[in-house]
Structures are given as structure tokens and as C-alpha cells.
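Some notes on the structure that comes next.
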Amino acid sequence: MIINGIHVTVNRKNIKHMYLKIIPPNGDVKISAPTQISDEEIIKFVNSKMEWILNKQKKMKNTEYIPPLKYKDGEKHYLWGKPYELQLVNSGVEVIKDENKIYLPVSKKSKIKNRQKKLESYYRKELKKEIDNIYEKCIKTVGRKPTDIKIRKMKNWGNCKQNGTITLNLNLAKKNKKCLEYVLIHELCHLIEFNHSPKFYKLMDKYLPNWGELKKELNGK
Ligand SMILES: [Zn+2]
């Protein structure tokens, strides 16, 4: 049905309460409702949530919709800033790549979760290797050493704890290698200035003069 110009799909099932979901990319509304509930009650329910729905729809239209990754043949995945086509192969255990493709040794029948895990462990290996490559140079530049470096999937590109542990985002393996260096230098500078004060940015200017460009590149601006 259409309520206030909004597409609403109703799914009646054996449940106690009504639930509302907004579906990307258009922001259509999906309702799950108890079997015996009337259309009037559903309309009333949707209207009571109208402000929230419109708000959500507006946000959805302002952000580019990225469909969830399926890790299937032909899907585009990035490594060090370069796009590769994913190809699933039935043999081997190691992920390998050539000029244009990343070969993932998993069955076409495998679960998305397992494929993701396989590719992510490859990213982790690549990232570790590259951290090793630039580590000495970076700590020499800044003159500080972290107590530990960890790799993790997280919201920020990196973080630095007061105990000297630096954590780097696994997804940095998808970006240009220079971006990894930028994040590592940024976090190492926090071992001198534990904040984002003008003093901190002076350190960044000194140790990585083009950090502003790299930051923009990293965030896709
Ligand atoms: Zn910072």
C-alpha cells in the first residue's frame, strides 16, 4: 500500500508486535505485523512514525548506497589502491593475485562469511608485510617506538593508546600504501602529543609535510 506517498509492504505473520524497517536504497517501508491486525491500525502505526521515516529516507538519499559485498566471481576488491577482480578457485590454500585478479581458494558453494574471512586474512598478511617494510623508517622519523602494533577492523583508521599501543585498521590494505604511512606517522606523533593540538599538527607538518593530501585521499575526498 501507499501511505503519504511512501511505498509500504506489509508482511503478516504469527508475531505479537508490529515492526517497521526502512529498505535501502529508496527508503521503502517494510512492516511485519501480527496476522489479525487491520489495515487501519497499520496506517496509524506508519503515520505515528512518519517523521522518523522521512528523516531516515533523507539520510539514505544523501549517502551513496553501497550494496553489501558477496565475495563472488567478478566482484571488485581493492588492494593497495588498485582494483582487482575476485575469482574463486577450487584448488590451493593460499590467496594469490596477478595483474588484474585476486584468486580466492574457496568453493563457489562456500558461505559468504568464509570467503570474507579468507580475503581478510590475506589483507592482514599484506598489511603486516607493509608495516614491516615502513616501520623502521617511520619510527626513525618520529623518534618514538610503540609498545605494540595491532591490526583490527574498526571505525577509525588508527588509534593510539596511552600505554603506547597503536592499532591500525585492516582496511588500510585497500588504500594506497602512502596512506598507511600517513596513519602510522599520525599515531606515532600521538606518542609525543597525546591530542590533536596545534603542537600535534606541527609535528605532522615536520615529519610528513604532505599529510593533508594523504588524509584527503584516504577519506576519498
Ligand atoms: Zn589522532
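The table for this structure:
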{"item": "Nearest-ten-degree value, helix 198-207 long axis tilted from longest Cα axis of the chain", "result": "60 degrees"}
{"item": "Helix-derived mean residue ellipticity, 222 nm - over the chain, DSSP H n ≥ 4, -39500 (n - 2.57), to 500", "result": "-12500 deg cm²/dmol"}
{"item": "Rounded, prolate or oblate (a/c below 1.5 giving rounded, otherwise prolate when a/b exceeds b/c) for the range 133-218 by Cα gyration tensor", "result": "rounded"}
{"item": "Estimated distance in nm for a label pair at residue 87 and residue 99, the labels positioned 7 Å out from Cα along Cα-to-Cβ", "result": "1.2 nm"}
{"item": "Of 204, 154, 60, the one that fluctuates the most in a GNM where the chain has Cα springs shorter than 10 Å", "result": "60"}
{"item": "Nearest 10 degrees, 0 to 90: helix 177-189 Cα axis against the chain principal axis", "result": "80 degrees"}
{"item": "Carbon and sulfur %, accessible surface of the chain computed with the full protein complex present, 1.4 Å", "result": "50 percent"}
{"item": "Greater than 23 Å apart at Cα, pairs in 76/137; 137/206; 30/117", "result": "76/137; 30/117"}
{"item": "Tail beyond 27 Å, pair distance distribution of the chain (Cα, percent)", "result": "54 percent"}
{"item": "Cα-based shape type of the range 1-47, given that a ≥ b ≥ c are square roots of the gyration tensor eigenvalues and the cut on a/c is 1.5", "result": "oblate"}
{"item": "Rounded to 10°, Cα long-axis angle of helix 112-142 versus longest principal axis of the chain", "result": "30 degrees"}
{"item": "Average Cα contact separation per residue, the chain, under 8 Å, 6 or more apart, as relative contact order %", "result": "12 percent"}
{"item": "Per residue accessible area in Å² of the chain, where ligands, DNA and RNA are left out and the probe is 1.4 Å", "result": "65 Å²"}
{"item": "Computed E for residue 7/residue 47 - FRET, C-beta separation, R0 22 angstrom, nearest 0.05", "result": "0.90"}
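The values are calculated or read from the model by the stated rules, or taken from the named source; none is laboratory data. Because the structure is predicted, anything quoted here is derived from the model rather than measured. Every residue, glycine among them, receives a Cβ derived from its backbone with ideal geometry; neighbour counts consider all protein chains shown. Only protein heavy atoms, including side chains, enter the accessible area calculation; ligands, DNA and RNA are left aside. Shrake-Rupley method; radii C 1.70, N 1.55, O 1.52, S 1.80 Å.
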